[in-house]
Structures are given as structure tokens and as C-alpha cells.
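Report on one structure; see the data block that follows.
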Amino acid sequence: MRLILLRHGETLWNAEQRLQGHDNSDLSEHGVRQALNFAPYARALMPVAVVSSDLGRARQTAALIGCATAPSDRRLREIDTGVWTGRTRSELLAEHPGEYLAWRAGAYTPIKGEAWSTFRARVAAGLRDWLAWTAGDVLAVVHEGVVRAACHEFLDLPPGNAVPVTPGTATILSFASTEATAAKLEGYNIGPFLPDYLATS
């Protein structure tokens, strides 16, 4: 049983390195191409079910890979970045370097934002429910933070040590049972630029 976590395509705010949180920015032209290029790989992975975050950028990506009618789950939306929403990474590093680095490590919550522990718990609950319901492979169109939270929950990988998740790529976790406790990492940042993966999986 596999959990295939597809990060949505690049957005206009991603290109500007702005925190999006629960706000939304449309996919950039590059992001649209990323999603379209991933479509044949999504089909080749043959998931039993497809679900997406309820945020627009994830829904747009789901439609572009051919899954416009897939259900959405608000538990799979990005972490709420509070008053930092819309701010750029460079601005935050210049003004709040310690707080920003602590936030990336899951140890700081911006004002009006969501604590990492709360975020991780809701993401894990949502993903476990989908895996238990399908008892098979699930493709979830989500966000970088969701991928990091899943790796923290199922691989015990600290959030601050995660390799950046490339837009339009998939992270694949495999589970031995529907209990979905510990997982094995089957692939990270898998995309159309790595076609050999599908031939060997």
C-alpha cells in the first residue's frame, strides 16, 4: 500500500518565494507545464483513489493531471502561516531570522498561525483515513508542508531537516498494512525528469 504525495505545480507566489499558507496563488506557466508533464506518471502509478487539498492551487493541479472530479479534504491543506502569509522568505530572514529558522524546524508559530504539532496531527489523520478507506494506493495532491508533515509522522524525519520538495513532483511512502504507522520511503522528488523510476518500481 502506497501513499503518493504530489506537490502542486509552481505558483506565482512560489516563484517569488512568498509564503502562501491558506491563501492561494494561481499556477505559473511553469507550474501548469509541471502538472501536465506529471499526468502520464500519475496514470502509470495506478492509484486506487485520488484526493486533493481543498486549496485552489492543489485543485488546479489535480484537474491538470486528469483528476478534476477527485474529492478534496481540507485536512490536507497547507499549514496556516498567519501574519507571515504573503511575506517573502528573504524579508522574513532579514527581519526575523531566528523565528523563521525555528518555524522551518517546527518550533515556532507565527502570530495567528498554526502550530506544527497541530498541523502534523491533522495531516496525519487525513492521510490515515484515506489509506484505511481505500486499503490501496492513494495519490494525494498537496503542498510542501503536507509532504514534510507526512515525512515527520511516518518516517520520523524532523521537519527542519527535510530536503526541499520540488513543485510538480511526488514523494512516495509504502506501508505494510492499513494501520499506516511507520512507512518506508520509496521515492522523493519523483517526476517526469526521472522516467526510469516507473520502469523499476
hull vol. (C-alpha, convex hull) per residue for segment 1-74, Å³ -> 86 Å³
As a test of the formula, what do you get for the chain when each DSSP H run with n ≥ 4 contributes -39,500 (n - 2.57) and the sum is divided by the residue count, at 222 nm and rounded to the nearest 500 deg cm²/dmol? -12000 deg cm²/dmol
The chain, Gaussian network, Cα under 10 Å: of 87, 59, 75, the residue fluctuating most is 87
Rg to Rh ratio, segment 52-110, alpha-carbon atoms and Kirkwood radius? 1.13
Over segment 42-201, what relative contact order in percent results from Cα pairs under 8 Å that are six or more residues apart? 23 percent
Positive-end residue of 160, 97, 79, charge dipole of the chain with Cβ unit charges: 79
Ranked from highest to lowest mean number of other Cβ atoms within 10 Å per residue, what is the order of the peptides 104-112, 140-148? 140-148, 104-112
State to the nearest 20 debye the size of the charge dipole of segment 17-133 about its Cα centre, where the only charges are +1 on K and R beta carbons and -1 on D and E beta carbons. 260 debye
Which label belongs to the value computed from this structure, given these candidates for mean projected area of the Cα convex hull in nm²: (1) 11.5; (2) 16.3; (3) 10.0? (3)
Which length gain, in nm to one decimal place, applies between residue 132 and residue 43 when the Cα-Cα distance is subtracted from 0.36 nm times their residue separation? 29.9 nm
I want to check the label-to-label distance for residue 16 and residue 54. Put each point 7 Å from Cα in the C-beta direction and report it in nm to one decimal. 2.6 nm
Cβ neighbours within 10 Å, averaged per peptide: list 46-53, 131-138 in order, most packed at the top. 46-53, 131-138
Skip the ligands, DNA and RNA, and give the accessible area per residue of segment 44-131 with a 1.4 Å probe, whole Å². 45 Å²
For the chain, with only Lys/Arg (+1) and Asp/Glu (-1) charged at the beta-carbon, what is the dipole magnitude about the Cα centre, in debye rounded to 20? 180 debye
Provide the percentage of antiparallel DSSP beta bridges, counting only those with both residues in the chain; round to the nearest 5. 50 percent
Apportionment of accessible area to carbon and sulfur, the chain, percent (1.4 Å): 54 percent
What does the charge dipole of segment 15-69 about its Cα centre add up to, to the nearest 20 debye, if the Cβ of each Lys and Arg holds +1 and the Cβ of each Asp and Glu holds -1? 200 debye
Dipole of segment 58-137, positive end: most advanced residue of 115, 130, 65 [Cβ charges, Cα centre]: 130
If you rank 130, 13 by how much accessible surface each has, with a 1.4 Å probe, what is the order from largest down? 13, 130
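The values are calculated or read from the model by the stated rules, or taken from the named source; none is laboratory data. Quantities reported herein were computed from a predicted structural model and do not represent experimental measurements. In this analysis, Cβ positions are derived from the backbone assuming ideal geometry, glycine residues included, and neighbour counts consider all displayed protein chains. Note: areas computed on protein heavy atoms with side chains; ligands, DNA, RNA excluded. Shrake-Rupley method; radii C 1.70, N 1.55, O 1.52, S 1.80 Å.
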